[in-house]
Amino acid sequence: MNLNATPPRSLLRRACLGGSLLMLLGAGGAHAESILFIGNSFTYGQGSPVMTYRPDTVTDLNGGGIGGMPALFKSFTVQAGLNYDVSLETVGGSGLDLHYNTKQALINKSWDNVVMHTYSTLDASAPGNPAKLIQYSGLLADQFKAKNADVKVQLMATWSRADQTYPSTGAWYGKSIYQMAQDVHAGYVQADAASANIDGVIPVGLAWNSAMQSGFADTNPYDGIDPGKVTLWAADRYHASLYGSYLEALTVFGQITGRDPRSLGANEQAAADLGITQAQAVAMQELAYRQLAAPVPEPSSWALMALGAGLLWVWRRRAVRSLTGPRKMAVPSRA
């Protein structure tokens, strides 16, 4: 792949979701694009410094003073010259049913964008079953559409949990570490297809898979972390580490805004704040870009092997050379 080429159509199409923002910016940028994140500890970064990152830059509707992944998203948009008013409504261990049934006073308003996800296994009592996700994501999308006919509602498909894969008590025990993310993503795709008011699925879990398949991230925290790799999980092998949340935020940023995550560059500020090296930041920007550009479902095993080799080469090459400033940003063409 020519890394300097114009982003492929699949990424450019995502720019449509930020089209109204781009027009507003062209008109002077006075209006902030609102975005609401609905989720749980996978949104707010339980167990890592991301949870308390820049809470002053976002609005925690529950008053918990959380920054989380939404604050990373906010930082990226500021650096990209975009104007987003970011809010989050999160409850640890929750599914979308809890938000629909108990948080209406906070969330049932007019928003320009909504990003939401449910419990990590799709259903806490029936792991892998998307029925509850399909029901409540549809109900929430309908009410957001009723408040604002132009709202863009997207679902965020989350990652494989190591604690659900390697211990014998896990719902995905005996399966590949990649399988849970694939199953979860498939459930979100079903929810998207079931509702005319849902506008897409953000492939965070598949981006994690790519990070492991490429050799950038370790695959099994139970046997230690391979030299030269990062771990995407926090110490509980369940939630995201700061690396996992950073890749999560990059993937969300690319899909919501239509911007190439690589445009943030080696000097991206949130990475520096969190202690992520320039080489690691650039590698994760590349991973997010390629996942968003990839067809869904995932590419074949041969394609993933080639992708992994290429990403590992890029990461290691950039790790040993001096890194310069960020790539010049270009607003993608409107599809």
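The values are calculated or read from the model by the stated rules, or taken from the named source; none is laboratory data. Being a predicted model, the structure only gives us computed values, none of them experimental. Reconstructed Cβ throughout: ideal geometry from the backbone, glycine too, with neighbour counts over all protein chains shown. Only protein heavy atoms, including side chains, enter the accessible area calculation; ligands, DNA and RNA are left aside. Shrake-Rupley method; radii C 1.70, N 1.55, O 1.52, S 1.80 Å.
Taking amide H atoms as placed 1.01 Å from N in the peptide plane, list the residues 5 or more away in sequence, or in a different chain, whose amide H sits under 5 Å from that of Ser94.
HN-HN under 5 Å from Ser94: Ser41.
Just to confirm my numbers, what's the Cα centroid distance between the stretch 148-164 and the stretch 69-126 in Å?
The stretch 148-164 and the stretch 69-126 have Cα centres spaced 9 Å from each other.
Please list, ordered by chain and number, the residues whose modelled amide H lies under 5 Å from the amide H of Met156; skip anything fewer than 5 residues away on the same chain.
The answer is Met116, His117, Ile202.
When all protein chains stay in place, what accessible area (Å², nearest 10, 1.4 Å probe) is found for Lys103?
Surface accessible to solvent at Lys103 totals approximately 40 Å².
Roughly how many Å is it from the Cα centre of the stretch 237-251 to that of the stretch 197-233, as a whole number?
One Cα centre to the other: 8 Å.
Quick one: if you stick a label point 7 Å off each Cα along the C-beta vector at Asp56 and Ala126, how many nm between them?
4.7
Rank-order 109-115, 212-218 by packing density, defined as the average count of other C-beta atoms within 10 Å over each peptide's residues, highest first.
On the way: 109-115: 19.7, 212-218: 22.0.
Final packing ranking: 212-218, 109-115.
How much accessible area does Tyr53 have with a 1.4 Å probe, in Å² rounded to the nearest 10?
Here the accessible area works out near 20 Å².
Roughly how many Å² is the accessible area per residue of the stretch 34-150, as a whole number, for a 1.4 Å probe?
On the way: 4090 Å² over 117 residues.
Dividing the accessible area of the stretch 34-150 by its residue count gives 35 Å².
Excluding same-chain residues fewer than 8 positions from Lys229, which lysines have a Cα within less than 30 Å of its Cα?
Lys74, Lys175, Lys328
Beta carbons within 10 angstrom, averaged per residue: use that to sort the peptides 285-293, 67-75, 152-160, highest first. Let's see the in-between values first.
Values: 285-293: 24.2, 67-75: 27.4, 152-160: 25.9.
In decreasing order of mean packing, 285-293, 67-75, 152-160 become 67-75, 152-160, 285-293.
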